[in-house]
Amino acid sequence: MVTTLTDVERARHIAERVPDPELPMLTLADLGVLRGVEITAQGTVVADLTPTYSGCPAMAEMRAEVAARLQAAGYARVEVRTVLNPPWTTDWITPAGRRKLAEHGIAPPGPAARPMTGPVPLVLSPTRRTLRCPRCGSADTEETSRFGATACKALWRCRACQEPFEHLKEI
């Protein structure tokens, strides 16, 4: 079976539009977890997803929704694979995804930490982290809990506007 590029583009477009179950304002493309879509010589659509972290409970829902949407679009054979290498990083969130997070009151992540080479510095005092409030823009914020509703989010509060907000942690 010969497939055209438009078949692959159409399948990718369908998979890209699936919303993230935990952050429904983001699509799988916005979040950067959709790694690729191809159509095999036998006509099977293969979509590759990378979880945001090991054991992410949303992966089962993501896989099921990608498969359901592709099948509803007329693709009879669909395979959704979990790809662990390279591991997902918050750097894969698109600019549109970061904008959508902020618009929905969630502080987007900053750049992910890079692996260090050489000696690891020892820091004995807590590091002060500053986030901008996604509601008013103030940098006068504080972390209230390292874990939010999901393991990938932390809870923060703005001292200026007194509003609580979530922060998607850097990975």
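The values are calculated or read from the model by the stated rules, or taken from the named source; none is laboratory data. None of the values given here were measured: they were computed from a predicted structure. Positions of Cβ are generated from backbone atoms using ideal geometry, with glycine treated the same way; all protein chains shown enter the neighbour counts.
Here are some conditions: (1) within 26 Å of Arg98 (Cα to Cα); (2) touching a helix residue (DSSP H, G or I) at 6+ places or on another chain (Cβ under 8 Å); (3) charged (D, E, K, R). Glu22 meets all but one. Which one does it not meet?
So Glu22 meets the others, but not (2).
Report the residue count in the range 11-55 for those that are in a loop (DSSP other than H, G, I, E, B), of a type in the set (Asp, Glu) and closer than 19 Å to Ala72 by Cα.
1
Return only the number of the condition from (1) under 30 Å from Gly148 (Cβ atoms); (2) in contact with a helix residue (DSSP H, G or I) (Cβ under 9 Å, 6 or more places away or on another chain) that Tyr53 does not satisfy.
It is condition (2) that Tyr53 fails.
In the list Ala102, Ala47, Ala68, Ala64, which residue meets the criterion of being without any contact (Cβ under 8 Å) to a residue 40 or more places away in the chain, assigned by TED's automatic domain parsing to the domain that holds Lys153 and among the aliphatic types (A, V, I, L, M)?
Ala102
Confirm whether Ser125 is closer than 30 Å to Arg12 by Cβ, of a type in the set (S, T, N, Q) and either out of contact with any Lys or Arg (no Cβ under 9 Å at 6 or more places or on another chain) or in a loop (DSSP other than H, G, I, E, B) (or both).
No, not satisfied.
Based on this model, can you work out whether Pro21 counts as in the same structural domain as Glu79 (by TED's automatic domain parsing) and more than 15 Å from Thr89 (Cα to Cα)?
Numbers: in the same structural domain as Glu79 (by TED's automatic domain parsing): yes; more than 15 Å from Thr89 (Cα to Cα): yes.
Yes, satisfied.
Please determine whether any residue of the range 9-19 is of a type outside the set (Phe, Trp, Tyr), under 18 Å from Ala151 (Cβ atoms), under 14 Å from the mean Cα position of the chain (by Cα) and surrounded by 18 or more Cβ atoms within 10 Å (Cβ to Cβ).
No, because not a single residue in the range 9-19 is of a type outside the set (Phe, Trp, Tyr), under 18 Å from Ala151 (Cβ atoms), under 14 Å from the mean Cα position of the chain (by Cα) and surrounded by 18 or more Cβ atoms within 10 Å (Cβ to Cβ).
For the range 161-171, enumerate the residues that are of a type in the set (D, E, K, R) and part of a strand (DSSP E or B).
Glu166
Give the residue that is farthest from Pro24 (Cα to Cα), with candidates limited to residues of the range 141-171 that are surrounded by 14 or more Cβ atoms within 10 Å (Cβ to Cβ) and of a type in the set (Asp, Glu).
Result: Glu163.
List the residue pairs whose Cβ atoms are under 8 Å apart, where the first residue sits in the range 150-164 and is within 30 Å of Gly55 (Cβ to Cβ), the second is in a loop (DSSP other than H, G, I, E, B) and among the acidic types (Asp, Glu), and the two are 6 or more positions apart or on different chains.
Pairs that qualify, where the first residue is within 30 Å of Gly55 (Cβ to Cβ) and the partner is in a loop (DSSP other than H, G, I, E, B) and among the acidic types (Asp, Glu), are Thr150/Glu22; Cys152/Glu22; Arg157/Glu163.
Write out, first by first residue and then by second, each pair whose Cβ atoms fall under 8 Å of each other, whose residues are 6+ apart or on separate chains, and whose first residue, in the range 73-85, is free of Cβ contacts under 8 Å to residues at least 40 places away in the same chain while the second is among the aromatic types (Phe, Trp, Tyr).
none
What's the total number of residues in the range 95-122 that are part of a loop (DSSP other than H, G, I, E, B) and out of contact with any strand residue (DSSP E or B) (no Cβ under 8 Å at 6 or more places or on another chain)?
Number of matching residues: 14.
Taking the criterion of being over 28 Å from Ala58 (Cα atoms), part of a loop (DSSP other than H, G, I, E, B) and not assigned by TED's automatic domain parsing to the domain that holds Thr27, would at least one residue in the range 146-160 satisfy it?
There is at least one residue in the range 146-160 that is over 28 Å from Ala58 (Cα atoms), part of a loop (DSSP other than H, G, I, E, B) and not assigned by TED's automatic domain parsing to the domain that holds Thr27.
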